[in-house]
Each structure stands twice: as structure tokens, then as C-alpha cells.
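The values are calculated or read from the model by the stated rules, or taken from the named source; none is laboratory data. The structure displayed is predicted, hence computed values, not measured ones. All Cβ positions, even for glycine, are placed from backbone atoms using ideal geometry, and neighbour counts span all protein chains on display.
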Amino acid sequence: MSVENGRPDKRTLISEAAVEVFAEKGFHQARVSDISKRAGVADGTIYLYYKNKDDLLLSIFEDSMTLLVDGAKKELSKFDCPLEKIRAFVSFHFDQVQKNRSVAEVLQVELRLSNKFLKDYRPSKLWDYLGLLGDVIKAGQSSGSIRSEVDPFMQMWALFGALDELGMQWVLARRRKIDLAVAANQIAETFVRGLKAD
């Protein structure tokens with residue numbers, strides 16, 4: 001995030017406003033005028049930075065995934081053991097969901113409603129994020145701590161699928177909220193036990 005005269009730049013203000021508006025109203029119901037009003041800018045200003053509402057949504061995804069990848073790398077660097085890295089990744093993921101509920105809702109619910117995202121977009125940043133898990137599993141196989149017969153590609157998707165689904169349940173829950181700290185521990189232990197070499 002860049003800053004102009006002590007406050008976030010207009011692109012950042014627009015992006016942050018869009019996250020809140022998309023989370024509150026839903027992507028399809030949200031209007032550009034809602035976003036510009038929340039950001040405190042003129043409607044036309046948004047088009048100086050983004051082609052359209054879809055472009056803005058994809059930009060939120062890109063920016064958020066960049067932060068996730070950078071944060072996960074930093075978190076994983078604290079550990080040497082691949083199995084501990086898996087536990088750290090799971091905890092980090094759910095911690096980010098809990099700290100950034102509106103962003104999580106936009107990425108896990110509203111993004112899936114975008115035809116552009118589903119049909120045309122290639123989510124390279126998501127692959128970077130998943131690749132961190134895949135690399136940890138491969139490193140564990142090389143060191144002998146993770147079973148050699150497991151497929152890192154399938155396992156990284158399986159683990160991310162569990163995180164994504166429970167994260168979505170937490171975001172959407174109106175009554176019974178999942179305790180994400182408990183979920184992190186249970187999911188991590190389930191996967192670690194399944195991956196751990198005998």
C-alpha cells in the first residue's frame with residue numbers, strides 16, 4: 001500500500017472500499033457508485049485504475065494472494081521440519097481468514113460468482129500459494145519425514161480444499177461459528193498423520 005500526504009493512495013482506498021462493498025452487498029449487486037462513495041472519490045476516478053468491476057475484483061484477488069504468499073513464506077521460514085511447516089501453513093491460513101473476514105468473504109464467495117474469474121482468468125498467485133505446500137511435501141519426502149508414495153500435487157489440493165471449505169463455512173455461518181484455531185489443529189494433525197513416514 002502506498003501513501004499520499006499521510007493517507008492511502010486512491011487505488012488503495014478504492015480497493016479497500018470495494019472489499020467492504022462486495023462483502024456487504026455481493027459482487028453483482030454492488031455498483032461502482034457504491035464503491036466510489038465508500039472510497040470518497042468520484043465515480044470516474046475508479047476507471048483511472050480499473051477497467052470495470054470485474055477488473056477491480058481480480059485486482060483484489062491478486063493483491064490479497066500476494067500478501068498471503070509473502071506472509072506464508074515468512075511463517076514457513078520459522079520452521080525446519082516439513083511437518084511443522086504444514087501445521088504452520090494451516091494455522092497461518094485460518095488466522096488470515098479470521099483477521100480479514102471481508103477479504104475472505106470476497107475471495108471465497110464473491111470471486112466464484114465472477115464469470116471472468118471462472119472462465120478467462122489464470123490464477124497464478126493461487127498456484128504460487130499452493131506451490132508452497134507442494135514444495136514442503138516434496139522437501140519432506142526428500143528428508144524421509146513424509147511418505148514417498150504420496151502425490152504432492154494431490155495432497156496440496158486436498159489440504160487447500162479442506163482449508164477453503166472450512167474457511168467458507170466460517171465466513172457464511174450465521175449461528176454456529178467454527179472455532180478456526182480448533183479447526184487448524186484438527187486439520188493439520190489429520191494431514192500430518194496421513195503424510196508422516198512410518
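For this structure, a couple of remarks:
Residue-wise test of (1) at pLDDT 95 or above; (2) surrounded by 13 or more Cβ atoms within 10 Å (Cβ to Cβ); (3) touching a strand residue (DSSP E or B) at 6+ places or on another chain (Cβ under 7 Å).
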| residue | (1), (2), (3) |
| --- | --- |
| I86 | yes, yes, no |
| H93 | yes, yes, no |
| Q98 | no, yes, no |
| Y121 | no, yes, no |
| R193 | yes, no, no |
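- When the range 134-187 is filtered for residues that are β-branched (V, I, T) and crowded, with 16+ Cβ neighbours inside 10 Å, the ones remaining, listed by number, are V136, I137, I146, V150, V171, I187.
- Residue in the range 139-160 that is within 17 Å of L68 (Cα to Cα) and touching a Phe, Trp or Tyr at 6+ places or on another chain (Cβ under 7 Å) present: yes
- Residues satisfying the stated conditions in the range 47-106, i.e. under 13 Å from the mean Cα position of the chain (by Cα), of a type in the set (D, E, K, R) and within 30 Å of G144 (Cβ to Cβ): D70, D95
- For the range 74-99, taking the residues that are out of contact with any helix residue (DSSP H, G or I) (no Cβ under 7 Å at 6 or more places or on another chain) and touching a residue at least 24 places away in the same chain (Cβ under 8 Å), the one that is farthest from K196 (Cα to Cα) is identified as D95.
- Segments classed as helices (runs of 4 or more DSSP H), wholly inside the range 32-107, with at least 3 members that are closer than 30 Å to G134 by Cα and aliphatic (A, V, I, L, M): 53-76, 82-99
- Matching residues in the range 137-155 - criterion: being touching a residue at least 12 places away in the same chain (Cβ under 8 Å) and more than 14 Å from A188 (Cβ to Cβ): K138, A139, S143, G144, S145, R147, S148, V150, P152, F153
- Checked against (1) assigned to a loop (DSSP other than H, G, I, E, B); (2) in the same structural domain as V171 (by TED's automatic domain parsing), H28 passes all but condition (2).
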